[in-house]
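Following: one structure in C-alpha coordinates, then a few remarks.
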Amino acid sequence: NAGVIQTPRHKVTGKGQEATLWCEPISGHSAVFWYRQTIVQGLEFLTYFRNQAPIDDSGMPKERFSAQMPNQSHSTLKIQSTQPQDSAVYLCASSSQVRDTQYFGPGTRLLVL
Amino acid sequence: DAKTTQPDSMESTEGETVHLPCSHATISGNEYIYWYRQVPLQGPEYVTHGLQQNTTNSMAFLAIASDRKSSTLILPHVSLRDAAVYHCILRVNNNNAPRFGAGTKLSVKP
(Lines give C-alpha, C1' and ligand atoms only; values in the text may rest on other atoms or scores of the structure.)
Protein backbone atom coordinates (compact mmCIF):
# COMPACT_ATOMS: atom_id res chain seq x y z
CA ASN A 1 0.00 0.00 0.00
CA ALA A 2 1.68 3.15 -1.21
CA GLY A 3 -0.54 5.43 0.80
CA VAL A 4 -2.05 8.60 -0.57
CA ILE A 5 -0.01 9.89 -3.48
CA GLN A 6 0.20 13.57 -4.33
CA THR A 7 1.87 15.05 -7.36
CA PRO A 8 3.80 17.17 -7.87
CA ARG A 9 5.52 17.44 -4.50
CA HIS A 10 6.66 20.97 -5.31
CA LYS A 11 5.30 23.48 -7.78
CA VAL A 12 6.39 27.02 -8.55
CA THR A 13 4.12 29.20 -10.65
CA GLY A 14 4.09 32.80 -11.71
CA LYS A 15 1.31 35.10 -10.60
CA GLY A 16 -1.71 34.66 -12.87
CA GLN A 17 -0.81 31.17 -14.04
CA GLU A 18 -2.91 28.07 -13.46
CA ALA A 19 -1.90 25.28 -11.09
CA THR A 20 -3.33 21.76 -11.05
CA LEU A 21 -2.61 19.48 -8.13
CA TRP A 22 -3.21 15.74 -8.24
CA CYS A 23 -4.18 13.26 -5.57
CA GLU A 24 -4.41 9.48 -5.80
CA PRO A 25 -6.28 8.10 -2.78
CA ILE A 26 -5.63 4.75 -1.18
CA SER A 27 -7.23 2.04 -3.27
CA GLY A 28 -10.71 1.22 -2.05
CA HIS A 29 -11.18 4.43 -0.09
CA SER A 30 -14.44 6.17 -0.90
CA ALA A 31 -13.79 9.57 0.71
CA VAL A 32 -11.22 12.12 -0.46
CA PHE A 33 -10.46 15.37 1.35
CA TRP A 34 -8.46 18.47 0.42
CA TYR A 35 -6.83 20.77 2.95
CA ARG A 36 -4.52 23.78 2.74
CA GLN A 37 -1.83 24.53 5.31
CA THR A 38 0.01 27.76 5.97
CA ILE A 39 1.92 29.00 8.99
CA VAL A 40 -0.58 31.80 9.55
CA GLN A 41 -3.87 29.94 9.01
CA GLY A 42 -2.85 26.45 10.02
CA LEU A 43 -4.59 23.44 8.49
CA GLU A 44 -7.75 24.58 6.69
CA PHE A 45 -10.41 22.29 5.26
CA LEU A 46 -11.25 22.98 1.62
CA THR A 47 -13.55 20.29 0.23
CA TYR A 48 -14.31 16.60 0.16
CA PHE A 49 -15.80 13.92 -2.06
CA ARG A 50 -17.64 10.75 -1.23
CA ASN A 51 -17.85 8.09 -3.92
CA GLN A 52 -16.58 10.74 -6.36
CA ALA A 53 -19.46 13.11 -5.62
CA PRO A 54 -18.72 16.52 -4.11
CA ILE A 55 -20.26 16.67 -0.64
CA ASP A 56 -18.92 19.73 1.15
CA ASP A 57 -16.96 22.55 -0.46
CA SER A 58 -17.60 25.09 2.27
CA GLY A 59 -13.89 25.73 2.73
CA MET A 60 -13.12 26.45 -0.88
CA PRO A 61 -12.42 30.05 -1.86
CA LYS A 62 -15.35 31.18 -3.98
CA GLU A 63 -13.23 32.24 -6.90
CA ARG A 64 -10.40 30.60 -8.82
CA PHE A 65 -10.48 27.29 -6.90
CA SER A 66 -12.17 24.14 -8.15
CA ALA A 67 -11.89 20.45 -7.35
CA GLN A 68 -12.94 17.38 -9.24
CA MET A 69 -12.91 13.65 -8.85
CA PRO A 70 -13.47 12.15 -12.30
CA ASN A 71 -12.86 8.59 -11.15
CA GLN A 72 -12.19 6.68 -7.95
CA SER A 73 -8.46 6.68 -8.47
CA HIS A 74 -7.72 10.37 -8.53
CA SER A 75 -8.85 13.85 -7.62
CA THR A 76 -7.58 17.23 -8.80
CA LEU A 77 -7.50 20.66 -7.25
CA LYS A 78 -7.20 23.45 -9.77
CA ILE A 79 -6.30 27.03 -8.99
CA GLN A 80 -6.81 29.54 -11.78
CA SER A 81 -4.94 32.82 -11.96
CA THR A 82 -2.76 31.97 -8.96
CA GLN A 83 -1.89 34.70 -6.51
CA PRO A 84 0.98 34.90 -3.99
CA GLN A 85 -1.49 34.35 -1.13
CA ASP A 86 -2.28 30.92 -2.62
CA SER A 87 1.20 29.79 -1.64
CA ALA A 88 0.73 26.93 0.81
CA VAL A 89 1.03 23.21 1.27
CA TYR A 90 -2.01 21.49 -0.19
CA LEU A 91 -2.81 18.20 1.51
CA CYS A 92 -5.02 15.41 0.29
CA ALA A 93 -6.41 12.70 2.56
CA SER A 94 -8.56 9.65 2.05
CA SER A 95 -10.56 7.33 4.25
CA SER A 96 -12.45 4.14 3.63
CA GLN A 97 -15.61 5.96 4.61
CA VAL A 98 -16.10 9.60 5.60
CA ARG A 99 -16.47 8.75 9.29
CA ASP A 100 -13.30 6.67 9.37
CA THR A 101 -9.70 7.61 10.07
CA GLN A 102 -8.09 9.79 7.45
CA TYR A 103 -4.76 9.02 5.87
CA PHE A 104 -2.90 12.01 4.54
CA GLY A 105 -0.55 12.35 1.62
CA PRO A 106 2.76 14.20 1.85
CA GLY A 107 1.29 17.34 0.32
CA THR A 108 2.10 19.58 -2.62
CA ARG A 109 4.10 22.67 -1.74
CA LEU A 110 2.87 25.46 -4.01
CA LEU A 111 4.84 28.67 -4.35
CA VAL A 112 3.37 31.53 -6.36
CA LEU A 113 5.91 34.18 -7.28
CA ASP B 1 -18.07 19.76 15.54
CA ALA B 2 -17.17 21.33 18.89
CA LYS B 3 -14.03 23.37 19.41
CA THR B 4 -10.88 22.19 21.19
CA THR B 5 -8.23 24.18 23.04
CA GLN B 6 -4.59 23.12 23.21
CA PRO B 7 -1.43 24.86 24.39
CA ASP B 8 0.58 26.33 21.55
CA SER B 9 3.77 24.55 22.52
CA MET B 10 5.38 22.20 25.02
CA GLU B 11 8.97 21.15 25.66
CA SER B 12 10.31 17.83 26.84
CA THR B 13 13.51 15.83 27.12
CA GLU B 14 14.22 12.44 25.63
CA GLY B 15 13.05 9.60 27.83
CA GLU B 16 10.41 11.62 29.62
CA THR B 17 6.71 10.85 29.62
CA VAL B 18 4.80 13.72 28.04
CA HIS B 19 1.23 14.70 28.81
CA LEU B 20 -0.45 16.72 26.05
CA PRO B 21 -3.70 18.33 27.24
CA CYS B 22 -6.79 19.13 25.22
CA SER B 23 -9.85 20.96 26.47
CA HIS B 24 -13.25 20.39 24.85
CA ALA B 25 -15.73 21.83 27.29
CA THR B 26 -18.65 21.87 24.85
CA ILE B 27 -18.22 18.34 23.54
CA SER B 28 -21.41 16.54 22.54
CA GLY B 29 -22.25 13.04 23.57
CA ASN B 30 -21.73 11.64 20.09
CA GLU B 31 -18.39 13.33 19.39
CA TYR B 32 -15.23 11.26 19.26
CA ILE B 33 -11.86 12.65 20.35
CA TYR B 34 -9.19 12.18 17.70
CA TRP B 35 -5.47 12.85 17.89
CA TYR B 36 -3.18 13.33 14.91
CA ARG B 37 0.45 14.31 14.78
CA GLN B 38 2.34 16.09 12.03
CA VAL B 39 6.06 16.30 11.49
CA PRO B 40 7.57 18.92 9.19
CA LEU B 41 7.15 18.35 5.48
CA GLN B 42 4.59 15.59 5.98
CA GLY B 43 0.83 15.34 6.29
CA PRO B 44 -0.87 14.60 9.62
CA GLU B 45 -0.69 11.02 10.88
CA TYR B 46 -3.43 9.34 12.88
CA VAL B 47 -2.41 8.59 16.47
CA THR B 48 -5.50 7.43 18.33
CA HIS B 49 -9.11 8.18 19.12
CA GLY B 50 -11.68 7.48 21.79
CA LEU B 51 -15.22 8.21 22.88
CA GLN B 52 -15.40 7.69 26.62
CA GLN B 53 -12.99 4.99 27.74
CA ASN B 54 -9.24 5.43 27.90
CA THR B 55 -7.48 3.83 24.97
CA THR B 56 -3.97 2.66 24.31
CA ASN B 57 -1.98 1.57 21.31
CA SER B 58 1.64 1.31 20.28
CA MET B 59 1.93 5.06 19.85
CA ALA B 60 0.20 6.57 22.85
CA PHE B 61 -2.25 6.35 25.72
CA LEU B 62 -5.38 8.51 25.57
CA ALA B 63 -6.87 9.46 28.90
CA ILE B 64 -10.39 10.89 28.75
CA ALA B 65 -11.88 12.71 31.71
CA SER B 66 -15.01 11.18 33.19
CA ASP B 67 -17.07 14.24 32.14
CA ARG B 68 -15.38 14.15 28.70
CA LYS B 69 -14.64 17.86 28.84
CA SER B 70 -10.92 17.25 28.54
CA SER B 71 -8.47 14.60 27.42
CA THR B 72 -4.75 13.99 27.63
CA LEU B 73 -2.52 12.25 25.14
CA ILE B 74 0.27 10.53 27.01
CA LEU B 75 3.49 9.74 25.17
CA PRO B 76 5.75 7.42 27.21
CA HIS B 77 9.52 7.72 26.93
CA VAL B 78 9.57 10.26 24.12
CA SER B 79 12.36 10.28 21.58
CA LEU B 80 13.50 12.95 19.12
CA ARG B 81 11.20 11.36 16.55
CA ASP B 82 8.18 12.33 18.65
CA ALA B 83 8.81 16.02 18.02
CA ALA B 84 5.77 17.13 16.03
CA VAL B 85 2.61 19.18 16.10
CA TYR B 86 -0.14 17.24 17.86
CA HIS B 87 -3.72 17.98 16.85
CA CYS B 88 -6.71 17.20 19.05
CA ILE B 89 -9.99 17.31 17.12
CA LEU B 90 -13.56 16.24 17.69
CA ARG B 91 -15.59 14.34 15.16
CA VAL B 92 -19.15 13.26 15.14
CA ASN B 93 -19.37 9.77 13.71
CA ASN B 94 -21.16 11.00 10.64
CA ASN B 95 -20.37 12.41 7.28
CA ASN B 96 -18.75 15.70 8.28
CA ALA B 97 -15.15 16.34 7.29
CA PRO B 98 -12.86 16.96 10.27
CA ARG B 99 -11.58 20.45 10.91
CA PHE B 100 -8.16 21.01 12.52
CA GLY B 101 -6.88 23.73 14.84
CA ALA B 102 -3.31 24.91 15.40
CA GLY B 103 -2.37 22.00 17.63
CA THR B 104 0.47 21.77 20.16
CA LYS B 105 4.03 21.90 18.93
CA LEU B 106 6.03 19.41 20.98
CA SER B 107 9.79 19.96 21.13
CA VAL B 108 12.06 17.19 22.38
CA LYS B 109 15.56 17.93 23.61
CA PRO B 110 18.34 15.33 23.63
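Brief remarks follow.
- Checklist (1) free of Cβ contacts under 8 Å to residues at least 24 places away in the same chain; (2) surrounded by fewer than 17 Cβ atoms within 10 Å (Cβ to Cβ); (3) under 18 Å from residue A:105 (Cβ atoms) applied to residue A:39, failing item: (3)
- Residue identified as within 14 Å of another protein chain (Cβ to nearest Cβ), of a type in the set (Ser, Thr, Tyr) and in a loop (DSSP other than H, G, I, E, B) among A:75, A:58, A:94, A:81: A:58
- Unique residue being small (Gly, Ala, Ser) and within 13 Å of another protein chain (Cβ to nearest Cβ) when the list is B:29, B:15, B:43: B:43
- Take the conditions (1) away from chain A (no Cβ under 14 Å); (2) out of contact with any helix residue (DSSP H, G or I) (no Cβ under 7 Å at 6 or more places or on another chain); residue B:108 misses just one of them, which is (2).
- Failed item, numbered, when residue B:10 is tested on (1) surrounded by 12 or more Cβ atoms within 10 Å (Cβ to Cβ); (2) over 11 Å from residue B:86 (Cα atoms); (3) of a type in the set (A, V, I, L, M): (2)
- Screening residue B:50 with (1) of a type in the set (Gly, Ala, Ser); (2) closer than 16 Å to residue B:24 by Cα; (3) open to solvent by 10 Å² or more (accessible area, probe 1.4 Å) gives one miss only, at (3).
- When A:11, A:15 are checked against the criterion of being charged (D, E, K, R) and in contact with a Pro (Cβ under 7 Å, 6 or more places away or on another chain), a single residue qualifies: A:15.
- Within segment A:101-113, considering residues that are open to solvent by less than 50 Å² (accessible area, probe 1.4 Å) and facing chain B (nearest Cβ under 10 Å), the one modelled with the lowest pLDDT: A:101
- Applying the set (1) within 19 Å of residue A:102 (Cα to Cα); (2) away from chain A (no Cβ under 12 Å) to residue B:67 leaves exactly one unmet item: (1).
- Filtered residue count, segment B:91-110, keeping only those that are open to solvent by less than 80 Å² (accessible area, probe 1.4 Å) and part of a strand (DSSP E or B): 6
- Strands (runs of 3 or more DSSP E) contained in segment A:1-46 and holding at least 2 residues within 11 Å of another protein chain (Cβ to nearest Cβ): A:31-38
- Residue within segment A:71-82 that is crowded, with 18+ Cβ neighbours inside 10 Å and farther than 22 Å from residue B:98 by Cβ present: yes
The values are calculated or read from the model by the stated rules, or taken from the named source; none is laboratory data. What you see is a predicted model, and the numbers here were worked out from it, not measured in a lab. Methodologically, a virtual Cβ is constructed for each residue, glycine included, from the backbone with ideal geometry; neighbour enumeration extends over all protein chains shown. The area values use the complete protein model at the heavy-atom level, side chains included, leaving out ligands, DNA and RNA. Shrake-Rupley method; radii C 1.70, N 1.55, O 1.52, S 1.80 Å.
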